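Notes follow the structure.
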Amino acid sequence: MPAFPPDTDPLKTGPSEPGSFETGQSRLLRGPGEQRRFGAALAPALPHATVLFLEGELGAGKTTLTSGLIEALGFDGPVTSPTYALIHAYPTPVGRALHVDAYRVRGVQELYELDLEDLIAGSRLSVVEWGERLYADYPDAPILRLEHLEGEEDLRRVTRIR
Ligand SMILES: Nc1ncnc2c1ncn2[C@@H]1O[C@H](COP(=O)(O)OP(=O)(O)OP(=O)(O)O)[C@@H](O)[C@H]1O
């Protein structure tokens, strides 16, 4: 697969554009570098307060994709898994980027106690892992599924499922 061009927006460009990434489409990404570049390619044209949901088992490459995205917004530093802190906030020149792991949040009530809705509304971008309970609240937010491929340690598949 050719490297994903960093100056296109695969979620927003039209179906005839080479960089488009429509619901139902998949990409195979070989190695963490390609995973990051794919994330970076998603960044430029996402409107303010975009929510992007990620699904995928441990090690599927969620943090790697997210780091590409957040670095592409201009954050210059390490992007790490939010598994323990639940929410990481990264300042970027175009606004705050959130990386949320909703897995250990017990219920919708607790999500609201975290003021997640307000945090999201005030952020340039919110990448939310394990956020199924929020899918109905953000019906326009794209959902990407990340998968390991059997016997292919250096490959991941990313599919836009909404
Ligand atoms: N496309 C890829 N091909 C091969 N390896 C990859 C790819 N993307 C990421 N990796 C590697 O897979 C490992 C897990 O990636 P990452 O930490 O991003 O996964 P994760 O889904 O965030 O995991 P967790 O849920 O445990 O935080 C890392 O070593 C990363 O470098």
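Does E113 satisfy the condition of being of a type outside the set (A, V, I, L, M), without any contact (Cβ under 8 Å) to a residue 24 or more places away in the chain, within 19 Å of P47 (Cα to Cα) and surrounded by fewer than 18 Cβ atoms within 10 Å (Cβ to Cβ)?
no
Inspect the stretch 84-91 for any residue being under 13 Å from the mean Cα position of the chain (by Cα), aromatic (F, W, Y) and at pLDDT 95 or above and give the result as yes or no.
Scanning the stretch 84-91 turns up no residue that is under 13 Å from the mean Cα position of the chain (by Cα), aromatic (F, W, Y) and at pLDDT 95 or above.
Kindly indicate the residue of the stretch 38-69 that is over 9 Å from the mean Cα position of the chain (by Cα) and β-branched (V, I, T) and also nearest to the ligand (Cβ to nearest atom) among those meeting that condition.
Only one residue tops the list, namely T64.
Of the residues that sit in the stretch 127-162 and are among the small types (G, A, S) and more than 16 Å from the ligand (Cβ to nearest atom), which one is nearest to Q25 (Cα to Cα)?
Filtering the stretch 127-162 for residues that are among the small types (G, A, S) and more than 16 Å from the ligand (Cβ to nearest atom), the one nearest to Q25 (Cα to Cα) comes out as A141.
Only residues that are assigned to a strand (DSSP E or B), more than 10 Å from L125 (Cβ to Cβ) and not hydrophobic (A, V, I, L, M, F, W, C): list them for the stretch 46-80, please.
E55 - this is the single residue of the stretch 46-80 that is assigned to a strand (DSSP E or B), more than 10 Å from L125 (Cβ to Cβ) and not hydrophobic (A, V, I, L, M, F, W, C).
Name the residue that is modelled with the lowest pLDDT, counting only residues in the stretch 1-37 that are within 13 Å of the ligand (Cβ to nearest atom) and in a loop (DSSP other than H, G, I, E, B).
So the residue we want is M1.
Being surrounded by 16 or more Cβ atoms within 10 Å (Cβ to Cβ) and either outside any loop (DSSP other than H, G, I, E, B) or touching a Ser or Thr at 6+ places or on another chain (Cβ under 7 Å) (or both) narrows it down to one of R157, R162, R133, so name that one.
One residue alone meets the criteria, R157.
With the condition kept exactly as written, say whether any residue in the stretch 94-110 is assigned to a strand (DSSP E or B) and more than 22 Å from D137 (Cα to Cα). Spell out the reasoning first.
Initially, the stretch 94-110 is screened for residues assigned to a strand (DSSP E or B), giving 95-101.
From what's left, more than 22 Å from D137 (Cα to Cα): 95.
Yes; the residues of the stretch 94-110 include at least one that is assigned to a strand (DSSP E or B) and more than 22 Å from D137 (Cα to Cα).
Given the conditions (1) within 15 Å of the ligand (Cβ to nearest atom); (2) in a strand (DSSP E or B); (3) surrounded by fewer than 17 Cβ atoms within 10 Å (Cβ to Cβ), which single one is not true for T83?
Among (1) within 15 Å of the ligand (Cβ to nearest atom); (2) in a strand (DSSP E or B); (3) surrounded by fewer than 17 Cβ atoms within 10 Å (Cβ to Cβ), T83 violates only (2).
When the stretch 116-130 is examined, which residues are found to be surrounded by fewer than 19 Cβ atoms within 10 Å (Cβ to Cβ) and either in a helix (DSSP H, G or I) or more than 14 Å from the chain's Cα centre (by Cα) (or both)?
E117, D118, L119, A121, G122
The values are calculated or read from the model by the stated rules, or taken from the named source; none is laboratory data. Bear in mind that the values here come from a model prediction, so they are computed numbers and not experimental data. All Cβ positions, glycine included, derive from the backbone under ideal geometry; neighbour counts span all protein chains shown.
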